[in-house]
Amino acid sequence: MNRSKLFLLAMLAAVIGAIYYFDVGQYLNLEYFKAQQAQLDDYVVHHHGLSVLVYFASYVVITALSIPGAALMTLLAGAIFGLAEGLLLVSFASTLGATLAMLVSRVLLRDSIQNRFKEQLKTVNEGVEKEGAFYLFTLRLVPVVPFFVINLVMGLTKMPARTFFWVSQLGMLAGTVVFVNAGTQLATIESLSGILSPAIIASFVLLGVFPILAKRLLAAVKARQVYKPYPKPKHFDEDLVVLGAGSGGLVTSYIAAVVKAKVTLIEKHQMGGDCLNTGCVPSKALIRSGKFMADVNRAQDLGFSSASAKFSFSDIMARVQRVIKTIEPHDSIERYSELGVNVVQGEGKITSPYTVEVNGITITTRNIVVATGARPFVPPIKGLDKIDYLTSDNIWNLKQQPKRLIVLGGGPIGCELTQSFARLGSQVIQVEMLPRLMIKEDEDVSVAVQARFEKEGIGVRVNHKALEFIQKDGENILICEHQGEQVFIPFDEVLIAVGRAANTTGFGLEELAIEKTKTGTIAVNEYLQTKYANIYAAGDVVGPYQFTHTSAHQAWYAAVNALFGKFKSFKVDYSVIPWATFTEPEVARVGINEQEARAQGIAYEVTQFDVAELDRAIADEEAHGFIKVLTVPGKDKILGVTIVGEQAGDLIAEYVMAMKHNLGLNKILGTIHIYPTLSEMNKYVAGEWKRARKPEGLLNFVEKFFSWQRKENKTSVDQGRNYGSLGNTSQQANVNSTEVKRDSAA
Ligand SMILES: Cc1cc2nc3c(=O)[nH]c(=O)nc-3n(C[C@H](O)[C@H](O)[C@H](O)COP(=O)(O)OP(=O)(O)OC[C@H]3O[C@@H](n4cnc5c(N)ncnc54)[C@H](O)[C@@H]3O)c2cc1C
């Protein structure tokens with residue numbers, strides 16, 4: 001704590017100490033004032049200026065120190081100065097005192113609280129930044145939250161003192177009038193509760209309802225402004241029009257059709273969007289072929305002296321297309337038409353909040369859901385426009401296997417494709433400008449993935465920034481910067497996998513001035529509404545997660561809020577979002593990891609179990625990886641889980657369920673898991689957690705009890721020993737000794 005904070009604390013302690021020492025409280029009660037009222041009146045008449053000064057200063061001190069008595073002082077102002085002067089005095093004194101109290105709380109507490117609860121306070125801070133003045137005004141107007149609590153809590157936020165001052169003064173004005181006015185009747189009030197007469201309560205209720213009405217009114221006025229240029233059609237063709245038939249759009253229209261709404265789904269390219277045609281499905285099909293080759297290449301691990309597989313790259317790519325074709329009917333026009341969705345092939349354009357144009361026809365609709373997805377982001381690297389680069393959109397059209405492939409990007413898509421192409425025989429160099437692959441995961445995850453990649457012959461170049469693509473002597477070369485030096489990497493093909501950009505242009509959003517976020521996605525509120533309350537957005541075009549399952553998750557909210565929002569709207573729940581990267585080792589996560597916990601200032605304990613100890617993993621020759629669980633210190637509540645290893649994406653489901661339904665590690669430990677399966681790791685890590693928290697005292701006592709019992713029955717015990725030991729066959733013996741790391745963000 002710095003010196004100025006110490007000084008302030010000492011001052012506060014001294015003043016509060018003095019107040020209690022001199023028992024100032026004896027004067028701060030209604031009876032005392034009533035008894036002294038005549039003398040007070042007389043004193044004020046003869047020493048008016050001094051009375052005003054003393055009153056004002058006392059009021060400021062009492063409120064600044066959050067000492068109980070402000071309500072009484074306010075009444076007193078009415079009693080001794082009358083309504084007008086009393087109101088003036090209290091209004092300024094209470095605002096000044098409140099601002100000082102707020103500043104004291106800010107100086108003493110804000111930094112430490114904001115640092116410690118950075119992430120939890122993020123939404124509060126954003127709220128305060130956006131609507132803080134309004135909330136403070138509401139709190140001031142409604143005398144439900146105590147005056148001093150508001151001052152102290154606001155001190156913890158980032159609200160400027162100036163805003164706090166004027167909003168407080170304005171917000172407290174109505175309440176002050178009521179109190180000071182009541183004070184003018186002091187002679188007739190017998191106790192503090194006396195001011196809560198039905199008339200005064202009614203006026204407070206009115207004051208309380210006012211901000212809610214004001215907010216509703218404000219929203220209605222805003223909406224009127226936004227919709228003003230667009231006359232509402234008298235008749236609507238549809239309840240809902242959905243743009244884009246990827247996972248977001250398909251699920252939205254499916255839900256609408258199920259609840260019997262009239263819905264049109266417009267797709268300009270291929271039904272199923274990215275996931276089916278250029279994303280999850282082809283990549284997973286390719287990964288499977290790659291995995292087979294990896295198994296062939298390590299045949300000796302599985303007891304074969306050798307193994308080989310002949311293949312042509314075009315056959316592998318034909319298989320990828322066959323898999324797409326097999327899944328295609330799930331997302332087809334026929335299927336959705338049968339479900340009751342009107343599917344239109346064509347490019348949709350939003351022409352007003354109530355109209356969408358497609359193939360020259362205008363459809364009127366009550367609601368619109370934008371689910372136009374995202375596309376590969378192509379960075380402006382010099383020379384890139386002069387070469388035929390690959391992206392996740394066109395890589396599936398390759399007929400010939402690239403001999404030397406550069407993959408630019410160390411994220412999930414880059415990693416999955418790097419390993420697949422390498423396993424099929426391409427010489428792959430993966431270039432990443434950050435210090436490690438999969439930067440969103442913990443460092444131990446990146447280390448495990450990179451080690452495996454390098455073992456499989458992949459050239460991983462982290463800390464390499466792509467500067468320029470050139471062609472020299474008929475050869476493509478990527479120039480990178482690495483530790484201040486230029487590195488030249490020759491290649492035949494390059495895959496750009498450095499992120500995905502939301503599709504937000506060319507279909508009417510600009511004309512409607514629909515806002516975008518800093519990352520280029522559509523800006524929506526918690527209900528997925530854009531600035532037009534009837535235009536929603538879901539999927540990759542919104543983010544923040546860009547997965548098929550999160551698109552589908554958002555689609556439910558978009559559909560339900562659009563169709564039933566008049567009755568009830570639902571805020572999107574992002575509390576338990578899982579995902580996986582299907583490399584080998586596979587990486588899956590739900591909730592936070594260690595680096596996020598540290599960044600967000602969340603205290604946690606970590607328990608880890610090493611997959612190398614797991615019987616099934618050993619039998620399968622897959623004894624690598626780990627499961628890491630973060631828990632709330634001292635509790636079994638799960639904050640996040642990372643699994644690295646075979647089938648991590650499937651295994652994490654148990655923890656997704658546990659987190660979603662608030663089940664802790666004790667519940668997982670108490671659940672039977674089939675032997676021998678990989679899923680046992682989920683239980684064993686819970687066992688590790690429990691073991692590290694065993695009740696030592698109780699166990700010492702139990703040990704003594706057993707020892708005493710053995711002495712009591714010594715003969716029979718000795719006979720029992722003659723059977724000899726069979727060894728410990730319990731599976732629990734396999735629970736490894738991974739230490740429980742205790743860590744705290746503090
Ligand atoms: C290589 C790769 C691998 C992936 N692997 C996985 C994975 O394993 N698991 C996972 O969860 N996610 C994965 N993803 C991400 C996943 O594919 C996306 O998150 C998901 O497809 C997003 O769905 P969406 O509906 O938001 O958008 P999209 O699927 O992109 O669909 C948007 C659709 O809108 C259409 N459209 C755009 N504009 C218009 C318009 N004006 N009018 C009409 N139609 C329009 C487009 O043609 C497109 O079909 C992967 C992505 C890639 C690229």
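Coordinate-derived values only; no laboratory data. Owing to the predicted nature of the structure, the values given are computational and were not obtained by experimental measurement. For neighbour counting, all protein chains shown are included, and Cβ atoms are generated from backbone atoms with ideal geometry for every residue, glycine included.
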* Asked: Rg and Dmax of segment 217-312, using alpha carbons, in Å: what are they?
  -> 25.3, 79
* To do: Mind giving me the nanometre distance, one decimal, between the label points for Gln709 and Ala13, set 7 Å out from Cα along Cα→Cβ?
  => 5.5
* Asked: Given segment 655-716 reduced to its alpha-carbon atoms as identical point scatterers, what log10 I(q)/I(0) does the Debye formula return at q = 0.20 Å⁻¹?
  -> -0.81
* To do: Per DSSP H run of n ≥ 4, the term is -39500 (n - 2.57); total these for the chain, divide by its residue number, and report the mean residue ellipticity at 222 nm rounded to 500 deg cm²/dmol.
  => -15000 deg cm²/dmol
* **R0 of 25 Å, Cβ-Cβ distance His549-Val258: FRET efficiency to nearest 0.05** => 0.85
* Please identify every one of the chymotrypsin sites (Phe, Trp or Tyr not before Pro) in segment 2-89 that sits in a loop by DSSP and has no more than 14 other beta carbons within 10 Å of its own beta carbon. => Phe22
* Label Thr677 and Asp444 with points 7 Å out from Cα along Cα→Cβ: what is the distance between them in nm? -> 2.5
* What's the FRET efficiency of Lys455 with Val296 using the Cβ-Cβ distance as r and R₀ = 22 Å, to the nearest 0.05? -> 0.90
* Gained length - Lys325 relative to Ala612, 0.36 nm times residue gap less alpha-carbon distance -> 99.5 nm
* Asked: In whole angstrom, how far apart do the alpha carbon centroids of segment 669-699 and segment 559-594 sit?
  -> 28
* How far apart, in nm, are two points set 7 Å out from the Cα along the Cα-to-Cβ line at Phe488 and at Ala35? -> 9.9
* Normalised by the residues of segment 402-513, what does the relative contact order come to in percent, with Cα pairs under 8 Å and at least six apart? -> 29
* How much net charge surrounds Gly244 when only other residues with a Cβ under 11 Å from its Cβ are counted (Lys, Arg +1; Asp, Glu -1)? -> -3
* Structure fact -> Taking the square root of 5λ for each eigenvalue of the C-alpha gyration tensor of the chain, the equivalent ellipsoid has semi-axes, largest first and in whole angstrom, of 60, 41, 26
* From largest to smallest, what semi-axes in whole angstrom does segment 49-123 give when each is the square root of 5 times an eigenvalue of its alpha carbon gyration tensor? -> 33, 11, 9
* Asked: Given 0.36 nm per residue, what is the gain on full extension from Ile361 to Arg693 after removing their alpha carbon distance, in nm?
  -> 112.8 nm
* P(r) histogram, all alpha-carbon pairs of segment 286-430 included - 5 Å bins from 0, percent -> 2, 7, 12, 14, 13, 12, 11, 10, 8, 5, 3, 1, 1, 0
* Using a Förster distance of 56 Å, the FRET efficiency for Phe92-Asn397 (Cβ separation, nearest 0.05) -> 0.15
* Taking the C-alpha atoms of segment 453-518, convex hull volume expressed per residue in Å³ -> 181
* 12 Å beta-carbon shell around Ser426, net charge (K/R +1, D/E -1) -> 0
* To do: Take peptides 104-117, 272-285, 309-322 and line them up by average Cβ neighbours within 10 Å, highest first, as a rough protection proxy.
  => 272-285, 104-117, 309-322
